1. Output the residues belonging to region 72-83 that are at pLDDT below 90 and open to solvent by less than 40 Å² (accessible area, probe 1.4 Å).
2. Within region 115-129, restricting attention to residues that are open to solvent by 60 Å² or more (accessible area, probe 1.4 Å) and more than 26 Å from the chain's Cα centre (by Cα), which residue is farthest from residue 88 (Cα to Cα)?
3. State which residue pairs qualify: first residue more than 13 Å from residue 69 (Cβ to Cβ) and inside region 123-138, second residue open to solvent by 60 Å² or more (accessible area, probe 1.4 Å) and among the hydroxyl-bearing types (Ser, Thr, Tyr) in any location, beta carbons under 8 Å apart, and separation of 6 or more residues or different chains.
4. State all residues of region 84-114 that are under 27 Å from residue 53 (Cα atoms), open to solvent by 40 Å² or more (accessible area, probe 1.4 Å) and either touching a Ser or Thr at 6+ places or on another chain (Cβ under 7 Å) or not hydrophobic (A, V, I, L, M, F, W, C) (or both); if no residue qualifies, say none.
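The values are calculated or read from the model by the stated rules, or taken from the named source; none is laboratory data. As the structure is a computational prediction, the values presented were derived from the model and not from experiment. Note that we place each Cβ from the backbone using ideal geometry, even for glycine, and neighbour counts take in every protein chain shown. Areas reflect the complete protein model, heavy atoms only, side chains present, ligands, DNA and RNA absent. Shrake-Rupley method; radii C 1.70, N 1.55, O 1.52, S 1.80 Å.
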Amino acid sequence: MRRGIRGREGGDELAVKAEINVTSLVDVAFTLLVIFIITAPILQGGVEVAVPRADVPAIMAREEPFIVTVDREGTIFIGETPFDREGFRQSFSQLLGASRAEFVYIKGDSLASWGNVLWIVAEAARTEIPFGVIAEPEAVR
């Protein structure tokens, strides 16, 4: 006996089900979410340091921020590249000119020596390009 789809008179008609399998869609969405969660801190640029808290406004996003970082050991970073003071002094204006940055962000660790951060501020002031110091906004009281 032959089995298959029969006409209406036969009574054994198979129903067509049009269901969307959302399992693969959810898998893709969660995978993309995990990728964005992992890569978001990397895209911020610079070296991760614990900046001090202050009553400051949020920084307005600029294209390609030029970030100079001083970590707690006193190492100077432009982006993620470490420099000593002499290497920084020689490279800073050249890298700044090559990046065509209009603003310099100085990010110092809260445990870094103030002298190291102040030295970077003086070097940035020498270039005559506007600069600012990055701080973590204080919690709302």
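1. Listed by number, the residues that qualify are 74, 78, 79.
2. This residue is 128.
3. Close Cβ pairs (under 8 Å, with a partner that is open to solvent by 60 Å² or more (accessible area, probe 1.4 Å) and among the hydroxyl-bearing types (Ser, Thr, Tyr)) amount to 127/93.
4. 84, 85, 102, 110, 113
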